[in-house]
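Novice: Supplied in structure tokens, the structure appears directly below.
Each reported figure results from applying straightforward, stated rules to the coordinates on display, with no laboratory input. For clarity, every value in this text was computed on a predicted model and none was experimentally measured. Methodologically, a virtual Cβ is constructed for each residue, glycine included, from the backbone with ideal geometry; neighbour enumeration extends over all protein chains shown.
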Amino acid sequence: MQGFALYPFDPPGDVAALRADLRGWLAANQPRGDVVKRANCWASFDADFSRALGAAGYVGMTLPARYGGGDRHPLERYVVIEELLAAGAPVGAHWIADRQTGPLILRYGSEAQRQRYLPGIAKGELYACIGLSEPGAGSDLAAVRTTARETSEGWRINGQKIWTTGAHLSHVILALVRTEEGSERNAGLSQLLVDLDTPGITIRPIIDMAGHHDFNEIFFDDVLVPHGALVGERGQGWKQVTAELGLERSGPERYLSSHALFVALIDAAGADPEPAVAGLIGELTAEIWTLRQLSMSTAAKLAAGEDPMVEASVVKELGNAFEQDMPRRVQAIVTSGWDDASDLAKLLRALLIASPSFSLRGGTREVIRGIIARGLGLR
Amino acid sequence: MSAAREMLCDTARAVLSGATDIAPVEEAGFALLLVPEDEGGFGGDWSDAHAVLHIAGMAAPDLPVADLMLSGLGEVSLPYRAAATVSLMAGAMGQALSLSIDHVNTRQQFGRPLGKFQAVQQSLAVMACEVAAVEAAAAAMAARLDATGFDIDAASFEIAAAKLRANRAVGVVTAIAHQVHGAIGFTREYDLQRVTIPLMRWRGEHGNDAYWAQVLGRQVAGLGGRGLWESLTARTG
Ligand SMILES: Cc1cc2nc3c(=O)[nH]c(=O)nc-3n(C[C@H](O)[C@H](O)[C@H](O)COP(=O)(O)OP(=O)(O)OC[C@H]3O[C@@H](n4cnc5c(N)ncnc54)[C@H](O)[C@@H]3O)c2cc1C
């Protein structure tokens with residue numbers, strides 16, 4: 001990975017108009033409510049908002065029109081999602097389905113799966129969750145033990161997933177399971193798309209340290225799903241999953257999770273800030289501007305059909321460090337009580353508490369650095 | 001990269017590799033690179049300058065190549081010098097990273113190359129991220145200077161951000177490069193100090209961290225929280 005040449009970010013069409021339309025739409029439709037919902041907003045679930053966003057054509061943008069999608073270019077979608085995140089819009093409900101499950105179904109899914117799931121995803125009405133982690137398989141994902149056995153009636157699933165964000169609000173789970181008996185490590189794995197109302201599935205909440213119910217554990221007790229639940233090729237689950245993970249690490253959500261706090265900091269500072277505050281704003285601005293260039297360049301590379309696995313990991317590593325450090329750096333210089341009612345204080349507290357997760361979800365810092373080291377030729 | 005820029009870079013590499021004296025660099029005509037064609041120059045754009053300075057930062061960080069190149073523009077203000085320095089810094093950091101990777105792949109301890117140890121791998125990954133950030137910042141800054149026709153006021157935001165980002169990377173990059181090299185990197189003979197000492201010097205020249213942080217911070221405070229985002233998106237993409 002010698003040198004990081006910037007790849008030109010050049011979406012088709014009138015990008016300024018796309019931004020202006022969306023900003024106008026948000027001004028009319030973004031819920032005003034609780035300012036804290038704007039922090040880490042891709043974890044904020046709001047089905048009404050997702051449905052309205054879908055109706056306005058901002059969900060499933062890159063899916064083909066025959067499946068209800070917008071037939072738009074991936075970089076047009078990039079523009080839309082960075083605007084939504086910068087505005088702190090509550091995009092959590094449809095986020096996973098729009099970002100990865102929909103595109104994955106389009107790429108690997110059967111025609112029946114596409115027809116069944118994609119239109120609902122594009123409407124912002126059908127939500128998906130990611131079934132990778134298990135109690136014994138965290139960073140070491142190849143240790144997955146949940147099994148699916150093929151029978152004459154279909155696949156029988158037994159096992160457990162954990163940390164499944166939004167499972168209690170989702171319609172489907174895309175689960176990585178072991179389909180080949182006696183297989184080990186990353187061989188013999190497959191992806192199954194399972195409706196969460198199938199008998200035998202139990203979803204239990206896990207309350208996070210912020211007191212929120214976002215993630216869950218899911219038990220599969222002899223769950224029977226049709227043969228057609230298999231996504232892509234039997235036994236190719238590992239390849240499909242790593243492509244899915246690797247390519248979704250460079251999005252703007254990897255550096256914008258704390259953006260609402262930055263906005264509040266700048267607004268609270270006023271036009272003539274004291275030197276310490278001005279200095280911090282300057283440093284954070286240099287970071288965010290640089291990260292945006294890196295993220296856009298990587299998105300453009302992806303859109304051009306390349307495989308920028310290492311660049312994507314660089315964006316995640318730097319982006320997570322930025323969004324995670326920001327609350328700490330803000331706290332170090334602003335005077336505000338833990339329970340103060342100002343927007344700045346509320347966002348600060350919420351993000352100090354939420355931010356440890358930023359370098360865990362989507363691959364831990366250590367795992368991401370390992371991928372970068374491999375790109376450097378060290379492993 | 002365009003064919004013309006490829007050729008320019010080939011020339012720059014040929015002239016700058018191992019150069020110990022600015023005279024041959026002067027003879028190659030780099031002072032004319034940014035001078036418009038109708039004034040007898042090469043009419044290069046800022047991205048051309050960036051490409052040459054990047055090579056200079058790698059191959060000849062001790063020579064005043066940036067001064068030479070800027071001399072074609074007459075008396076220039078601090079932001080021009082800061083912009084040129086960012087490109088040098090990107091090149092020098094890339095060189096520090098290559099030297100480090102080569103070293104850990106070659107040097108053996110405990111019966112293995114150092115690069116096989118996870119602690120070393122993780123350090124170099126951190127360093128590579130900083131280098132990538134500076135590379136991206138330098139290239140984006142150059143693109144902005146080109147988009148504005150070298151208008152230093154219109155590009156002041158990008159220059160401030162890029163110099164500040166590069167400055168902040170210096171500590172991490174030089175520290176990790178020296179750490180993974182061990183004692184050999186602390187010698188005068190070994191090439192590492194040829195890039196790390198200039199990096200230390202450049203951090204303080206043409207605006208240190210505090211200087212650019214104040215400039216940028218005050219500019220952004222004037223924009224307001226939402227205004228920052230509107231400005232970022234109006235500038236690129
Ligand atoms: C907010 C949140 C949402 C999540 N949502 C989902 C979801 O929707 N679906 C899903 O499937 N999962 C989800 N996860 C789980 C996430 O993918 C895992 O937390 C992550 O993969 C790490 O696994 P673990 O928590 O078991 O940690 P462990 O793997 O036990 O790791 C603990 C620590 O040890 C380090 N470590 C582990 N192995 C090594 C090694 N070989 N070398 C060096 N260091 C190592 C790790 O980097 C980490 O710092 C979510 C997690 C969070 C925090």
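Novice: Given the rule -39500 (n - 2.57) for each run of at least 4 DSSP H residues, summed and divided by the residues of chain A, what is its mean residue ellipticity at 222 nm, to the nearest 500 deg cm²/dmol?
Specialist: After summing the helix terms and dividing by residue count, I get -13500 deg cm²/dmol.
Novice: Residue separation times 0.36 nm, minus the C-alpha to C-alpha distance between B:GLU37 and B:ASP10: what's the value?
Specialist: 7.6 nm
Novice: Here is a follow-up. Assuming a ≥ b ≥ c are the square roots of the Cα gyration tensor eigenvalues, decide whether chain B counts as rounded (a/c under 1.5), prolate (otherwise, with a/b larger than b/c) or oblate.
Specialist: Cα axes put chain B in the oblate bin.
Novice: In chain A, if the dipole is taken from +1 on Lys/Arg beta carbons and -1 on Asp/Glu beta carbons about the Cα centre, which of A:HIS213, A:ILE203, A:ALA28 is farthest to the positive end?
Specialist: So the residue we want is A:ILE203.
Novice: Express the relative contact order of region B:36-123 as a whole percentage, based on alpha carbon pairs under 8 Å and six or more residues apart in sequence.
Specialist: Taking the mean separation of contacting Cα pairs over the length of region B:36-123, I get 26 percent.
Novice: I would also like to ask the following. As I understand it, the value is the acute angle between the Cα axis of helix A:74-86 and the longest principal axis of the Cα atoms of chain A; what does it come to in degrees, rounded to 10?
Specialist: 50
Novice: Calculate the spin-label point distance for A:GLU111 paired with B:GLU205, positioning each point 7 Å from the Cα along the beta-carbon direction, and give it in nanometres.
Specialist: 6.7
Novice: Calculate the FRET efficiency for A:ASP339 and A:ALA271 from the Cβ-Cβ distance with a Förster distance of 22 Å, rounded to the nearest 0.05.
Specialist: Working: r = 28 Å, r/R0 = 1.29.
According to the calculation, E is roughly 0.20.
Novice: In percent, how large is the relative contact order of region A:15-126, given Cα pairs closer than 8 Å and 6 or more residues apart?
Specialist: It comes to 36 percent, rounded to a whole number.
Novice: Counting only other chains, what is the mean number of Cβ atoms within 10 angstrom of the Cβ of each residue in peptide B:209-216?
Specialist: If you average over the peptide's residues, the count of other-chain Cβ atoms is 5.
Novice: Run lengths n ≥ 4 of DSSP H only: what is the helix-derived mean residue ellipticity at 222 nm for chain B, with -39500 (n - 2.57) per run over all residues, to the nearest 500?
Specialist: -23000 deg cm²/dmol
Novice: Separate question: At 7 Å along Cα-to-Cβ for each site, give me the label-to-label distance between A:ASP14 and B:ALA3 in nm.
Specialist: 3.8
Novice: What's the angle, to the nearest 10 degrees (0 to 90), between helix A:275-303's Cα axis and the longest principal axis of chain A?
Specialist: 30
Novice: Residues of region B:1-38 with amide nitrogen under 12 Å from the 7 Å Cα-to-Cβ point of A:GLU306?
Specialist: Residues B:1 fall inside that zone.
Novice: Same structure again: In what sequence, highest mean first, do A:205-211, A:274-280 appear when ranked by Cβ atoms within 10 angstrom?
Specialist: A:274-280, A:205-211
Novice: From Cα pairs below 8 angstrom and at least 6 apart in sequence, can you work out the relative contact order of chain A, rounded to a whole percent? Don't jump to the answer; show the numbers that get you there.
Specialist: Working: 673 pairs, mean separation 62.6, N = 379.
17 percent.
Novice: Go through B:195-202, A:359-366, B:156-163 and give me the packing order, highest mean Cβ count within 10 Å leading.
Specialist: So the peptides B:195-202, A:359-366, B:156-163, ranked by packing, come out B:156-163, B:195-202, A:359-366.
Novice: How far is the Cα center of region A:258-303 from the Cα center of region A:53-97, in Å?
Specialist: Measuring centre to centre over Cα atoms gives 24 Å.
Novice: In nanometres, what is the gap between the two model label sites at A:ASP140 and A:ALA27, each 7 Å from Cα along Cα-to-Cβ?
Specialist: Output for this residue pair reads 5.5 nm.
Novice: When we measure straight from the Cα of A:LYS301, which lysines land under 22 angstrom away, once same-chain ones fewer than 8 places off are left out?
Specialist: A:LYS239, A:LYS316
Novice: Right, another one. Can you tell me how region A:163-265 classifies by the Cα gyration tensor, rounded, prolate or oblate, using a/c under 1.5 as the rounded cut?
Specialist: Oblate shape, in that a/c is at least 1.5 and b/c is the bigger or equal ratio.
Novice: Alpha carbon centre of region A:320-353 versus region B:5-36: separation in Å?
Specialist: 49
Novice: Next question, about the same structure. With r as the distance between the Cβ atoms of A:GLN236 and A:ARG66 and R0 = 30 Å, compute the FRET efficiency 1/(1 + (r/R0)^6) and round to 0.05.
Specialist: Working: r = 26 Å, r/R0 = 0.85.
Here the calculated transfer efficiency is 0.70.
Novice: While we're here: Extension gain A:ALA243-A:GLU150, at 0.36 nm per residue separation less the Cα-Cα distance, in nm?
Specialist: 31.0 nm
Novice: From the Cα gyration tensor of region A:112-224, with a ≥ b ≥ c the square roots of its eigenvalues, which class applies: rounded if a/c is under 1.5, or else prolate if a/b is larger than b/c, or else oblate?
Specialist: oblate
Novice: Would you please give the FRET efficiency between A:VAL35 and B:ALA234, computed as 1/(1 + (r/R0)^6) with r the Cβ-Cβ distance and R0 = 25 Å, to the nearest 0.05?
Specialist: Efficiency computed from Cβ-Cβ geometry: 0.50.
Novice: Here is a follow-up. Helix A:259-269 versus the longest principal axis of chain A: what angle, 0 to 90°, nearest 10, using Cα atoms?
Specialist: Once rounded, one gets 10 degrees.
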